[in-house]
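The values are calculated or read from the model by the stated rules, or taken from the named source; none is laboratory data. Owing to the predicted nature of the structure, the values given are computational and were not obtained by experimental measurement. Cβ sites come from the backbone with ideal geometry, for glycine too, and all protein chains shown count toward neighbours. Ligands, DNA and RNA are excluded from the accessible area calculation, which covers all protein heavy atoms including side chains. Shrake-Rupley method; radii C 1.70, N 1.55, O 1.52, S 1.80 Å.
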Amino acid sequence: MSKPIIAVTLGDPAGVGPEILVRALADPRVAEAVRCLVYGDARVVEKAVREAGLGLAIRAIHRGDEARYAPRSIEVIDFANADPAAFVPGQVQAHCGQAAWDYIEAAVQAALRGEVAAIDTAPINKEAIQAAGVPYIGHTEMLAALTGAHDPLTMFETLGLRVFFLSRHVSLRDSCALVTRARLLDYIARCHQAMDQLGLGGGELAVAGLNPHCGEHGLFGDEEVREVAPAVAEAQARGLRVAGPIGPDSVFHQAKTGRYAAVLSLYHDQGHIATKTLDFERTISLTLGLPFLRLSVDHGTAFDIAWQGTASPVGMIESLLVAARYAPAYRRTQQMIP
């Protein structure tokens with residue numbers, strides 16, 4: 001019973017979350033690596049299992065300590081808040097958004113109490129969340145509010161390529177304005193701390209350039225000269241293992257082949273394109289800087305194919321395997337923080 005317990009939230013019941021979740025839990029690799037505690041509606045899970053023809057047993061429970069984790073069974077902390085007969089698959093519905101929020105809130109509280117080693121979240125729908133009156137636009141904002149964490153870090157992992165992001169959901173113009181020496185110094189330090197928490201200490205972080213060929217010494221863009229290079233130099237002077245700026249057309253390949261432990265991408269699409277082109281389905285999102293590790297598939301509710309039996313579970317399987325790899329080390333480092 002040394003396998004970590006992972007809280008898995010069902011996501012929006014009208015989306016693909018339930019079907020990819022049950023298919024992932026039926027995978028023997030997942031069963032070997034982790035113990036999963038699903039936060040959701042047991043009726044929805046049961047319907048997903050039945051429609052997938054998986055033959056798994058569903059145990060509806062009320063507390064995590066009631067779980068048995070028997071083979072070929074799924075333990076569900078049952079909220080009974082999303083009757084499958086009362087929602088339409090593939091549509092935005094306020095009560096589905098509310099249900100998704102309920103699962104996340106409860107899983108976070110369990111993680112804060114130390115009952116689970118990590119949280120793995122199935123997709124939610126931002127419109128449904130807003131329709132429910134939940135005052136947060138996405139998972140990261142929810143997790144920050146529920147834990148009091150300031151500006152959590154996002155890291156993507158795809159087949160060994162790890163990418164951090166200096167900025168996320170802002171315009172390209174605004175993301176360029178965020179490339180400052182002070183912000184870079186802060187993020188370089190935090191990325192190193194995150195790598196230590198994941199058990200990747202000692203690896204070198206590469207900082208991507210912003211402009212083509214890193215601006216060619218200011219010929220077409222001077223952000224590298226003014227902001228990036230000075231930040232990297234100061235971080236190195238502080239003893240941090242970091243290199244850069246390195247041309248964004250080559251740095252991701254270099255990290256993939258082992259030259260660097262991770263890359264700090266300077267804006268959203270720069271890193272997203274690199275990871276998703278490498279392997280779209282296996283791109284896993286990790287939220288760091290929280291009191292616990294959070295993982296997720298990097299796709300949405302896919303309402304256009306929800307409950308049609310065609311959604312691929314590959315991303316969910318991969319996210320649970322990544323959770324098994326990183327959750328124990330991350331939890332140990334959090335327990336050492338006074």
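So here's what we get for this one:
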| quantity | calculated |
| --- | --- |
| So Leu159, is it closer than 22 Å to His253 by Cβ and surrounded by fewer than 22 Cβ atoms within 10 Å (Cβ to Cβ) | yes |
| Test: residue in segment 214-228 that is open to solvent by 70 Å² or more (accessible area, probe 1.4 Å), assigned to a loop (DSSP other than H, G, I, E, B) and either aromatic (Phe, Trp, Tyr) or touching a Leu at 6+ places or on another chain (Cβ under 7 Å) (or both) | yes |
| Exclusive hit being open to solvent by 10 Å² or more (accessible area, probe 1.4 Å), among the acidic types (Asp, Glu), touching a residue at least 12 places away in the same chain (Cβ under 8 Å) and assigned to a loop (DSSP other than H, G, I, E, B), set Asp304, Asp269 | Asp304 |
| Within segment 202-213, tally of residues that are modelled with pLDDT under 90 and either in contact with a helix residue (DSSP H, G or I) (Cβ under 6 Å, 6 or more places away or on another chain) or surrounded by 15 or more Cβ atoms within 10 Å (Cβ to Cβ) (or both) | 0 |
| Residue that is farthest from Ala7 (Cα to Cα) [pool: residues in segment 112-146 that are among the acidic types (Asp, Glu) and open to solvent by 10 Å² or more (accessible area, probe 1.4 Å)] | Glu127 |
| Residue in segment 43-61 that is surrounded by the most Cβ atoms within 10 Å (Cβ to Cβ), counting only those that are out of contact with any helix residue (DSSP H, G or I) (no Cβ under 7 Å at 6 or more places or on another chain) and part of a helix (DSSP H, G or I) | Glu46 |
| Cβ pairs under 6 Å, 6+ apart, first in segment 137-159 and within 13 Å of Ile124 (Cα to Cα), second in a helix (DSSP H, G or I) | Ile137/Lys126; Met142/Ile104 |
| Qualifying residue in segment 269-287 (condition: under 23 Å from Ile20 (Cβ atoms) and acidic (Asp, Glu)) | yes |
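Residue by residue, here is whether (1) open to solvent by less than 60 Å² (accessible area, probe 1.4 Å); (2) touching a Ser or Thr at 6+ places or on another chain (Cβ under 6 Å) holds:
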site	(1), (2)
Gly148	no, no
Leu153	yes, no
Phe165	yes, yes
Val179	yes, no
Asp186	no, no
